[in-house]
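The values are calculated or read from the model by the stated rules, or taken from the named source; none is laboratory data. Remember, predicted model here, so these are calculated numbers, not experimental data. We place every Cβ from the backbone using ideal geometry, glycine too, and count neighbours over all the protein chains shown. With ligands, DNA and RNA removed, areas are computed over all heavy atoms of the protein, side chains included. Shrake-Rupley method; radii C 1.70, N 1.55, O 1.52, S 1.80 Å.
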Amino acid sequence: MAFSNVNAYKSTKLRFKMKFSFFSSLSIPLIFILLFLVILPFLFILFYSFINVRNNKIYLTIENFSRFLSNPDFYKVLGLSLYYALICTILCIILAYPFAYFMAKCSPKVRNIVNMFITLPMWTNLLLRVVAWKQLLDEGGIISTALHALGYGKTTLLGTDLAVILVMVYIYLPFMILPIYTQLLKIENNLKEASKDLGASSFKTFCKVTFPLSIPGVISGFTMVFLPAATTLVIPKYMSDGNPKYTFIGQMIESYFINADNRYAGSAIAVILTIVIIVTSFIVNRLDRTNVTDKNPKKKSTIVVGSEEDRASYEKQ
Amino acid sequence: MKSNRRYHHKRKFSIFYYFYIPLIMLFFYLPIIIIIIFSFNEGTSLVRWTNFSFHWYEELFKDRIIMEAVQTTVIVALLATAISTVIGTFGAIGIATYKRKRATNLILSINNLPLITPDIVTAVALSVLFAGFSMKSGFQTMLLAHIAFCTPYVIISVYPKMASMDKNLIEAAMDLGATSRSAVFKVIIPELLPSILSGAIMAFTMSFDDFIISYFVGGNTMNISTYIYASFKKAKPTVNALMTIIFLVLMVLVFLSTLLSMKSKGESMKRRKTHEKK
């Protein structure tokens, strides 16, 4: 009796195993895609960045890297991209934090509506929004005309820091608001009430409880704004009005890749850029850890650090 | 006590509270509203209003290149969404049933790669890949590239739901005689449907709005974004008419989806409440 039972158990288990291997086999197309359209391309740029073609002969070289790494202009462009991205990110944090804070305080219905109004411009085509701004800031646009009437010298605002940073902030602000807002929503009210019951003022509660607990949101917002802002191609192109002062790294890749048709040099810049980005996100993640786990080691489970999945889901919430 | 505190809180922030959110909203919407209003202007000026007319809309629908770009965008977005949703859904089901968690995690981290790398790097990588296989850049390469960057979004939307799904459900279905295939189609997929849908919507909007990857990979095939970029020097008010149409369509869709999600949330809350009462 017992024996047959074991057998029956085994056979169902076996059947189950087989069925589950059928389920696992469903992932084959996905693996195929990841292999050929995700991993392989990255290997290709790595490969291309180390080769060059001359007289129809392919040869290995580090020329692609050395040509940029020994060129001070390259560092200038890279530094400029990171610098403007940093300014944009800081401005976004300053503008987004109060917004997210008030948004989290609203009633759920208002919250949903505000959320909808933030995502709406986010989903509108990026190029269309940038072109809209270009028209407003250019000669004959409403904003430049108004400023001109007020006595601000120039007829066009294109090609100024104001235009570049303004549009960057406009485009990336929602990516800062949403992670901070979600993080603020996660903070339990009990913590704030406990702090107040223990005699802290609202301001002190904010400084000691709310703000430290919202830092993961700020950090994930930082990466979501900083990285795309540093690698943007469209914004400086439209806002610079041909001023070479605003050549960012994205345009540099474009100029090698599409205009000069030099894939090898373009790949090398992309590899350098990837390394810079890995280093940056590593530093930012370290910052994150020191801020969250060291101060409140026991609260770890209640704090969900913004991950890549979050990033993507905010993008298209 | 509690209400008192809340009152206190609100009063303290009231000036900001009532002005700051509308102020930022104004910042978001002012340029869009101006563009929408002036897309109905007869002249090209964005300051002086001359006459109300649908002139630019007529021009828009007459412009063969723009219409082709719109068509390409919609077809690529629909195909890429359909293909990546199917692959992503089955893939998520597959990797969630792996026995080795390590393999699952490996695939998930590969899946996250395109999400964390900047678009321009992905664009360069795909472009180099297609050049390496000497594929002519055009519609097919654009479609392949879009499938490549849309699939991860479907996975991150569907996988968490699949991983947290009660596996007993599948076992029960199969004990009751369901074949594996009918277990997938009659049990798993209906259970995952909301997250599949949200993944598909994400994929569609990503594909619809994409610029950099299409630009590097598309060659002479243009979608809306690359068309606008190509006509960089001579931005015509037709572009504003196009923006107005896209924005209004989007507004209706987002409004409907918000309404639906609010309704379903409200209903589930109600259900939970009545459940608790019982």
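Checking the stated criteria, residue A:179 turns out not to satisfy the condition of being out of contact with any Leu (no Cβ under 9 Å at 6 or more places or on another chain), part of a helix (DSSP H, G or I), within 13 Å of chain B (Cβ to nearest Cβ) and modelled with pLDDT of 85 or more.
A quick yes/no check of all residues on (1) outside any helix (DSSP H, G or I); (2) open to solvent by less than 40 Å² (accessible area, probe 1.4 Å); (3) of a type outside the set (D, E, K, R); (4) in the same structural domain as residue A:235 (by TED's automatic domain parsing):
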residue	(1), (2), (3), (4)
A:103	no, yes, yes, yes
A:116	no, yes, yes, yes
A:121	no, yes, yes, yes
A:127	no, yes, yes, yes
A:131	no, yes, yes, yes
A:151	yes, no, yes, yes
A:158	yes, yes, yes, yes
A:164	no, yes, yes, yes
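For the structure I just gave you, tell me whether residue B:126 is under 29 Å from residue B:222 (Cβ atoms) and open to solvent by less than 10 Å² (accessible area, probe 1.4 Å).
Details: under 29 Å from residue B:222 (Cβ atoms): yes; open to solvent by less than 10 Å² (accessible area, probe 1.4 Å): yes.
So residue B:126 fits the description; yes.
Which of the helices (runs of 4 or more DSSP H) contained wholly in the stretch B:49-159 include at least 3 residues that are closer than 21 Å to residue B:193 by Cβ, within 13 Å of chain A (Cβ to nearest Cβ) and not charged (D, E, K, R)?
B:64-96
Would you confirm whether or not the stretch B:176-193 contains a residue that is among the aliphatic types (A, V, I, L, M), open to solvent by less than 20 Å² (accessible area, probe 1.4 Å) and away from chain A (no Cβ under 12 Å)? Yes: the stretch B:176-193 contains one or more residues that are among the aliphatic types (A, V, I, L, M), open to solvent by less than 20 Å² (accessible area, probe 1.4 Å) and away from chain A (no Cβ under 12 Å).
Go through the stretch A:90-101 and give me each residue that's free of Cβ contacts under 8 Å to residues at least 60 places away in the same chain and either surrounded by 15 or more Cβ atoms within 10 Å (Cβ to Cβ) or at the interface with chain B (Cβ under 9 Å from one of its Cβ atoms) (or both). Don't jump to the end; show me each part of the working.
Applying the first criterion (free of Cβ contacts under 8 Å to residues at least 60 places away in the same chain) to the stretch A:90-101 yields A:90, A:94, A:98.
Matches in the stretch A:90-101: A:98 only.
Set side by side, the residues A:211, A:226, A:248, A:222 differ, and just one is surrounded by 17 or more Cβ atoms within 10 Å (Cβ to Cβ) and more than 12 Å from chain B (Cβ to nearest Cβ), which is A:222. Residues being away from chain B (no Cβ under 12 Å), assigned to a helix (DSSP H, G or I), more than 24 Å from residue B:216 (Cα to Cα) and touching a Phe, Trp or Tyr at 6+ places or on another chain (Cβ under 9 Å) are represented in the stretch A:52-70 by at least one member. Before we move on, is residue A:188 closer than 30 Å to residue A:112 by Cα and among the charged types (D, E, K, R)? In short, yes. Apart from one condition, residue A:142 fits all of (1) more than 7 Å from chain B (Cβ to nearest Cβ); (2) open to solvent by 10 Å² or more (accessible area, probe 1.4 Å); the exception is (1). Pairs meeting the criteria (first residue in the stretch A:271-284 and modelled with pLDDT of 90 or more, second residue of a type outside the set (Val, Ile, Thr) and surrounded by 17 or more Cβ atoms within 10 Å (Cβ to Cβ), beta carbons under 6 Å, at least 6 apart or on different chains) are A:271/A:49.
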